[in-house]
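Inspection log for the structure reproduced underneath, given as structure tokens.
The values are calculated or read from the model by the stated rules, or taken from the named source; none is laboratory data. Since this is a predicted model, take the numbers as computed values, not measurements. FYI the Cβ positions are ideal-geometry reconstructions off the backbone, even for glycines, and counts take in every protein chain you see.
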Amino acid sequence: MNWTALHWTTLLGVALGGALGSVVRLVLSQWLGSAHPELNMGTLAVNALGGFILGLWLSLNGNNQFPTIAHLPLALNGVVAFGVVGFCGGLTTFSAFGMDLWVLLQHKAWGMALLYSTASIAVNLVSLGLGLGLGNILKGLG
């Protein structure tokens with residue numbers, strides 16, 4: 001890790017993006033959380049939104065290659081720091097997905113647990129693909 005590449009503005013961008021993403025996650029989770037008594041639709045929605053945003057960003061700013069967080073050019077691009085690492089990191093929540101799934105399993109709601117885990121993964125992948133597709137269309141228009 002090249003710590004000298006992490007300028008204070010990059011760290012600030014990640015922190016501000018993460019704060020905003022976390023607030024959006026809370027609002028959406030509260031708003032959508034009561035839509036279904038057993039499935040946390042809020043967690044599903046924020047993970048889908050995060051997948052869409054990441055897909056859109058990747059298609060608009062790269063060649064649809066999927067770098068790991070360690071390989072993103074943080075010091076070179078404030079949008080990456082704020083939007084991808086910060087906002088999407090604060091918005092999406094694999095830990096909440098795990099907690100929701102754990103609760104379903106503890107209640108022996110096997111069918112709901114299978115439905116929730118499958119839907120969470122499928123919706124996220126579809127959202128990522130939609131973001132990639134939209135980004136490619138927008139790139140073609142420019």
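Only one residue in A45, A35, A15 is surrounded by fewer than 16 Cβ atoms within 10 Å (Cβ to Cβ) and part of a helix (DSSP H, G or I). Which one?
A15
Residue under question is T4, and the condition is that it be surrounded by fewer than 13 Cβ atoms within 10 Å (Cβ to Cβ), at pLDDT 75 or above and either of a type in the set (D, E, K, R) or farther than 30 Å from D100 by Cα (or both); does it hold?
no
What's the total number of residues in the range 127-140 that are surrounded by 15 or more Cβ atoms within 10 Å (Cβ to Cβ) and among the aliphatic types (A, V, I, L, M)?
4
Tell me the helices (runs of 4 or more DSSP H) entirely within the range 80-142 that contain at least 1 residues that are touching a Phe, Trp or Tyr at 6+ places or on another chain (Cβ under 6 Å), closer than 20 Å to S59 by Cβ and of a type in the set (S, T, N, Q).
110-141
Inspect the range 83-96 for any residue being exposed (fewer than 15 other Cβ atoms within 10 Å of the Cβ) and at pLDDT below 75 and give the result as yes or no.
Yes, some residue in the range 83-96 is exposed (fewer than 15 other Cβ atoms within 10 Å of the Cβ) and at pLDDT below 75.
Of all residues in the range 98-119, count the ones that are modelled with pLDDT under 90 and surrounded by 17 or more Cβ atoms within 10 Å (Cβ to Cβ).
Going through the range 98-119 one residue at a time, the tally reaches 3.
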